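Single-structure report; data block below.
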Amino acid sequence: ILMTAGSASAQYVTVGTATGTNTTTEQSPINIFYRSLHYQTIYTAAELQAAGFVPGATVQELGWDVVGAPINAMPNYTIAMGHTTNATSGTANYVASSTLTQVYNTASYAPTAGGFDMLVLSSPFIWNGSDNIVIDVCCDQVYAWNSSGQCSIFSSTNGSTSRRSDVTLQCGLPPSSSHAWKPVVRFLINTGPA
């Protein structure tokens, strides 16, 4: 009798149905209206499950639905992820960056418009099956600010939070603004045994 090991089941899942886009001057994971950005979003366990996540799902890639690309590249673009019991991303519910795990970093990020710009994570993230997931994005100072960088978003009270500045780096600093939306995000996940 020949027996074979189970194989991983990889699939793309999308969290959120677009209800619009951030404006060219509003915060999002790819907006450069200010030179440095720190942006954080929490996706709830219910949202993840509705999209197809199962306990132990391993995130290998994630991407934003880029509607308008930022004119200038975003330097030292970093994504960190973690679990949280917080259900919203308001300024009072900020998850300290120091408690999260860095899963992606590139010296220069220049997303392409026209769909989901998928990023391969350097450290796959395993969902514990019960908590919410926080995604933390930051970048160093863009060469020059520009009113550009738009992605698909969906309405959600205190869905995301951010801070930005033309003068100082914002990575690791607590947020100063809350937003009534979340970016639509696509994940490539494995849901079966490796």
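The values are calculated or read from the model by the stated rules, or taken from the named source; none is laboratory data. Please read all numbers here as calculations on a predicted model, not as lab measurements. In this analysis, Cβ positions are derived from the backbone assuming ideal geometry, glycine residues included, and neighbour counts consider all displayed protein chains. Areas reflect the complete protein model, heavy atoms only, side chains present, ligands, DNA and RNA absent. Shrake-Rupley method; radii C 1.70, N 1.55, O 1.52, S 1.80 Å.
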For Asp140, work out the one condition from (1) modelled with pLDDT of 95 or more; (2) farther than 23 Å from Ser156 by Cα; (3) out of contact with any strand residue (DSSP E or B) (no Cβ under 8 Å at 6 or more places or on another chain) it doesn't fulfil.
-> (3)
Scan segment 103-129 for residues that are farther than 21 Å from Phe53 by Cβ and open to solvent by 60 Å² or more (accessible area, probe 1.4 Å) and jot them down.
-> Asn105, Ala107, Ser108, Ala110, Thr112, Gly114
Would you call Pro70 in a loop (DSSP other than H, G, I, E, B), of a type outside the set (Ser, Thr, Tyr) and either at pLDDT below 95 or surrounded by fewer than 16 Cβ atoms within 10 Å (Cβ to Cβ) (or both)?
-> no
Name, by its number, the condition in (1) loosely packed, with under 14 Cβ neighbours inside 10 Å; (2) modelled with pLDDT of 95 or more; (3) of a type in the set (A, V, I, L, M) that does not hold for Leu100.
-> (1)
Filtered residues of segment 79-98 (kept if out of contact with any Phe, Trp or Tyr (no Cβ under 6 Å at 6 or more places or on another chain), among the aliphatic types (A, V, I, L, M) and outside any loop (DSSP other than H, G, I, E, B)) | Ala80, Ala92
Do we have Gln11 as out of contact with any Gly (no Cβ under 8 Å at 6 or more places or on another chain) and either part of a loop (DSSP other than H, G, I, E, B) or farther than 23 Å from Thr91 by Cβ (or both) here?
-> no
Being within 15 Å of the chain's Cα centre (by Cα) and crowded, with 18+ Cβ neighbours inside 10 Å, is that true of even one residue in segment 141-148?
-> no
Considering segment 157-194 alone, what residues qualify as being surrounded by fewer than 21 Cβ atoms within 10 Å (Cβ to Cβ) and among the polar types (S, T, N, Q)?
-> Thr157, Asn158, Ser165, Thr168, Ser176, Ser177, Ser178, Asn190, Thr191
